[in-house]
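Following: one structure in structure tokens, then a few remarks.
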Amino acid sequence: RDLIGPVNLRAKIEQDDIFKELNELTNERDDIQLAIKKLRNSIQNINTEGRSRLIKAYEKVNNNFSDIFSRLFTGGQAHLELIGSDDPLQTGIEIFARPPGKKLTSINLLSGGEKALTAISLIFSIFLINPSPICILDEVDAALDDSNVEKFCKILRELKDQTSTKFLIITHHKTTMSMVDRIYGVTMMQKGISDLVKVDFEE
């Protein structure tokens with residue numbers, strides 16, 4: 001007894017306190033493990049839904065892209081390819097285009113005007129999936145020659161008829177200006193003083 005020393009009369013109380021703290025920590029651990037499990041299930045469901053939606057959107061964009069490209073180039077072929085991974089959420093997208101009279105190649109090997117038309121095709125193909133009320137096109141026809149500007153205007157008219165979108169176009173091409181409903185121009189009649197000019201073709 002002398003070696004054991006005096007009896008700790010608070011041993012039972014301290015034991016109860018430790019058991020209480022242990023139970024609280026155990027409950028917190030169980031809550032965290034349950035939250036992790038729910039979070040992992042949610043991530044899995046989101047990824048599954050994301051893959052499904054991405055594949056559907058990709059197929060729609062690809063179909064629209066092929067159609068608009070062939071209409072803008074009056075022939076030729078173009079398509080998108082998923083590259084880099086089997087998982088749609090981790091993959092990249094490569095653009096392949098074949099203007100009339102040329103072989104199928106990556107967009108990086110096209111000329112400046114061909115790149116511009118291909119980019120316009122892709123933008124409009126994405127736009128057609130979920131058209132917005134307003135679309136602003138800032139000098140997208142700047143790199144196009146007169147014949148391609150006419151093709152661009154033709155596609156733009158078709159998009160206007162297919163959707164209820166209002167297109168706001170910033171351009172310097174007279175051909176593009178001639179196909180719109182209204183023109184707003186900023187001129188400088190006097191040095192340092194800007195003036196707004198409006199033309200309504202319907203009126």
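Out of Asn64, Asn45, report the one residue that is surrounded by fewer than 11 Cβ atoms within 10 Å (Cβ to Cβ), of a type in the set (S, T, N, Q) and modelled with pLDDT of 85 or more.
The conditions single out Asn45.
Within the range 164-179, how many residues turn out to be over 16 Å from Leu72 (Cβ atoms), in contact (Cβ under 8 Å) with a residue 24 or more places away in the chain and touching a strand residue (DSSP E or B) at 6+ places or on another chain (Cβ under 9 Å)?
The total comes to 7.
Looking at (1) outside any helix (DSSP H, G or I); (2) under 19 Å from the mean Cα position of the chain (by Cα); (3) under 21 Å from Phe69 (Cβ atoms), find the lone condition where Leu144 falls short.
The failed condition is (2).
For the range 76-103, give me each residue that is touching a residue at least 12 places away in the same chain (Cβ under 8 Å), surrounded by 13 or more Cβ atoms within 10 Å (Cβ to Cβ) and closer than 23 Å to Ile46 by Cβ.
Listed by number, the residues that qualify are Leu82, Pro88, Ile93.
Inspect all residues belonging to the range 70-85 and state whether any of them is over 29 Å from Gln162 (Cα atoms) and in a loop (DSSP other than H, G, I, E, B).
Yes: the range 70-85 contains one or more residues that are over 29 Å from Gln162 (Cα atoms) and in a loop (DSSP other than H, G, I, E, B).
Give me a count of the residues in the range 147-164 that are under 19 Å from Ser132 (Cβ atoms), in contact with a helix residue (DSSP H, G or I) (Cβ under 9 Å, 6 or more places away or on another chain) and exposed (fewer than 14 other Cβ atoms within 10 Å of the Cβ).
1
Any chance you could count how many residues in the range 147-203 are of a type in the set (Lys, Arg) and not in a helix (DSSP H, G or I)?
Adding up the residues that qualify gives 4.
Which number in (1) loosely packed, with under 12 Cβ neighbours inside 10 Å; (2) part of a helix (DSSP H, G or I) marks the one condition that Arg51 misses?
Of the numbered conditions (1) loosely packed, with under 12 Cβ neighbours inside 10 Å; (2) part of a helix (DSSP H, G or I), the odd one out for Arg51 is (1).
Condition first: in contact with a Phe, Trp or Tyr (Cβ under 8 Å, 6 or more places away or on another chain) and surrounded by fewer than 16 Cβ atoms within 10 Å (Cβ to Cβ). Now tell me which residues in the range 104-133 satisfy that.
Residues satisfying the conditions are Leu104, Thr105, Ser106, Ile107.
For the range 102-141, give me each residue that is polar (S, T, N, Q) and part of a helix (DSSP H, G or I).
Within the range 102-141, Asn108, Thr118, Ser121, Ser125 qualify.
Taking only pairs six or more apart or across chains, which ones have beta-carbon atoms under 6 Å, a first residue in the range 184-203 that is small (Gly, Ala, Ser), and a second residue that is in a strand (DSSP E or B) and open to solvent by 100 Å² or more (accessible area, probe 1.4 Å)?
Qualifying pairs under 6 Å: Ser194/Val186; Ser194/Met188.
The values are calculated or read from the model by the stated rules, or taken from the named source; none is laboratory data. Model, not experiment: these values are computed from the prediction. For neighbour counting, all protein chains shown are included, and Cβ atoms are generated from backbone atoms with ideal geometry for every residue, glycine included. These accessible areas exclude ligands, DNA and RNA; they are computed on the full protein's heavy atoms, side chains included. Shrake-Rupley method; radii C 1.70, N 1.55, O 1.52, S 1.80 Å.
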